[in-house]
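The structure appears right after this line, and notes come after that.
Bear in mind these aren't lab numbers, they're just calculated from the coordinates by the rules spelled out. Since the model is a prediction, treat every value here as computed from it, not as a measurement. For neighbour counting, all protein chains shown are included, and Cβ atoms are generated from backbone atoms with ideal geometry for every residue, glycine included.
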Amino acid sequence: MNQMEWPTAEIREVGDEIKFKNLVLGVAPVLFLILAAVLLIPGCTSTSPTNAPEKQPGCGNQAPSGECSSAKPYYCDNGTLLYEPAECGCADGLRVYNGTCIKLIACPDGTLTPDCSSTKPYLCQNGVLVENASVCGCPNGTIPDNDTCMDIYMTDPSVREFPYTLYGQTYNLTTTLYGGLNLYLSTQNGYEYEYNSNNIPSQQEIESSVSEAVIDQPDQVRLINNLVASIENASANKQDQARIAISLVQTIPYDWTEYYQAVDSNFSSNEKYPYQVLYSDAGICEDKSELLALLLEKLGFGVALLEFSAQDHEAVGISCPLQYSIVNSGYCFIETTSPNIITYSTGTYIGNVTLGLPSSIIPISDGLSFNASQEYADAQEYGELEALSNPLNQSDYAEWVLLVNKYGLVIGNTNASITGSNASCPIGSTYCNDLCWPGCSDGASSECNSQGLVCCPAGSTYCNGECGQCGEYQVGSCTAQGWQCEYNPDNCPPGMHSCNGDCWDGCSRGSWRCTSQGGVCYV
């Protein structure tokens, strides 16, 4: 067979192969288009496992990568715990400060250690407010002087101590006062209230404007802040801060010289500024009430002045629950002329006056409410004891003494007096040691000693610095050791017998006889 001759069968096979190849070549573009279309359908795209991002390693059971750990302030970053307080916060009892976690310590005014208080220049340092002008700056009108702030009135400094009573204990609060400010305030001639004749204000509006101007005098507000800070440092409890301020002002002596000058001028003389009351350590009801209103306002409490025009008297109201407030006003009554229980308004006050209902209530500031439940209950009990006939029995007298000591109530009269003579003392006052002292309340006994006039409640007797009282069947005597009580042999209690000048217990059985050795029981 030569080269040109092809077997028929072989030629068919080649022809079939050629036909098959032509078929494949014709179908291939169609298959390619179908495959491309399938790959473009959403969700049908296949990604090679070798192209997937690697899973970032976590931080064990602390946290997955990219999240904060449960153990604050750590952040898990690719298997590594990073210290990130700003991102993750701090654990309980700690706070973020300058990118780190520090112990959470608050000062009484709410400032956190070591931040500056809103009351410049005070810095909160481990829970105590301290002056630090270099860090916290100074209020307007003052300049730094080392850690304190000085202004033009901070001259002639004087360190003073003011006593106060809290839960039956007496303490002293130390502060620095400045003669420069006191001198400046003494040159002020009061406050003028101007108004349009076409719009005449009410008397209450005038009183409110004048009181606020006197209380909020900016120079005294700046310089009284150190006393406010001392009160806040004395107790972290806001309620007790109010109690300290109230007792401190009540304990400031009453200014009888100013009182009689006010009487002579029909109460038209200029009043003191609150700072002057502190500096002179004396004031009348209006002066002391406005001082207390200023302190309570700066401590954050709601405050009002209570006017009693019929008695020419002024007191303070502190925001409190309605059930304890005077005439359901939302303000609890506070007498400022002498130590007194909050809410007790039924006593006899300076000038031997008994108060009625307030003629007007002048709001000074909004703020915290004082929980007067304890004081209200004590005031009710004290009023009931005062209303009992004298002498009190031993149980009632013990309760009375407990309340007197708890609130530092003044039973004697140790307030400042005016110079006078026995013939020139005003009505209602008593002459003692060349001074005129306010008289004692009705039924009370008085004693003039080296300290001045002392008043003891009815049924009791002054003895060596205290008022003594005995029970129904006892008689008392003043000795070097103080007031002593003994049974009265002429009036022995039931079940006891008089013998040899004393009272002896009776017999439970047998007969009782009085012998030279005393009472004897014979069976």
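Excluding Asp92 itself, what net charge comes from residues whose Cβ is under 12 Å from its Cβ, given Lys and Arg +1 and Asp and Glu -1?
Result for the local shell: +3.
Please compute the net charge surrounding Thr148, taking Lys and Arg as +1 and Asp and Glu as -1 over other residues with Cβ under 14 Å from its Cβ.
After counting each charged neighbour, the total is -2.
In a solvent-free Debye calculation with one equal scatterer on each Cα, what is log10 I(q)/I(0) for the stretch 88-158 at q = 0.13, 0.17, 0.18, 0.22 Å⁻¹, listed in the order of the q values?
Evaluating at q = 0.13, 0.17, 0.18, 0.22 Å⁻¹ gives log10 I(q)/I(0) of -0.45, -0.66, -0.72, -0.91.
Pop the C-beta distance of Cys485 and Gln380 into the FRET formula with R0 = 41 Å and round what comes out to the nearest 0.05.
Plugging the Cβ-Cβ distance into 1/(1 + (r/R0)^6) gives 0.90.
Within a Cβ distance under 12 Å of Leu278, other residues only, what is the Lys/Arg minus Asp/Glu net charge?
Once positives and negatives cancel, what remains is -1.
Return the FRET efficiency for the residue pair Leu402, Thr100: r is the Cβ-Cβ distance, R0 is 51 Å, and the value is rounded to the nearest 0.05. Please report the intermediate quantities before stating the final value.
On the way: r = 51 Å, r/R0 = 1.01.
E between Leu402 and Thr100, to the nearest 0.05, is 0.50.
Tell me, in nm to one decimal, what length is gained between Asn146 and Asp502 on full extension, where the rule is 0.36 nm per residue of separation less the Cα-Cα distance? Please report the intermediate quantities before stating the final value.
Numbers: separation 356, 0.36 × 356 = 128.16 nm, distance 7.22 nm.
Computed gain between Asn146 and Asp502 is 120.9 nm.
Go through 326-339, 488-501 and give me the packing order, highest mean Cβ count within 10 Å leading.
326-339, 488-501
Efficiency by 1/(1 + (r/R0)^6): what FRET value for Glu472 and Ser309, r their Cβ-Cβ distance, R0 = 51 Å, to the nearest 0.05?
0.70
Most exposed first by the Cβ proxy, i.e. fewest other Cβ within 10 Å, how do Ser65, Ser365 rank?
So the residues, fewest neighbours to most, are Ser65, Ser365.
Between their Cα atoms, which of Lys120/Lys272; Lys298/Lys406; Lys72/Lys298; Lys238/Lys288; Lys120/Lys238 are more than 30 Å away from each other?
Over 30 Å apart, Cα to Cα: Lys72/Lys298.
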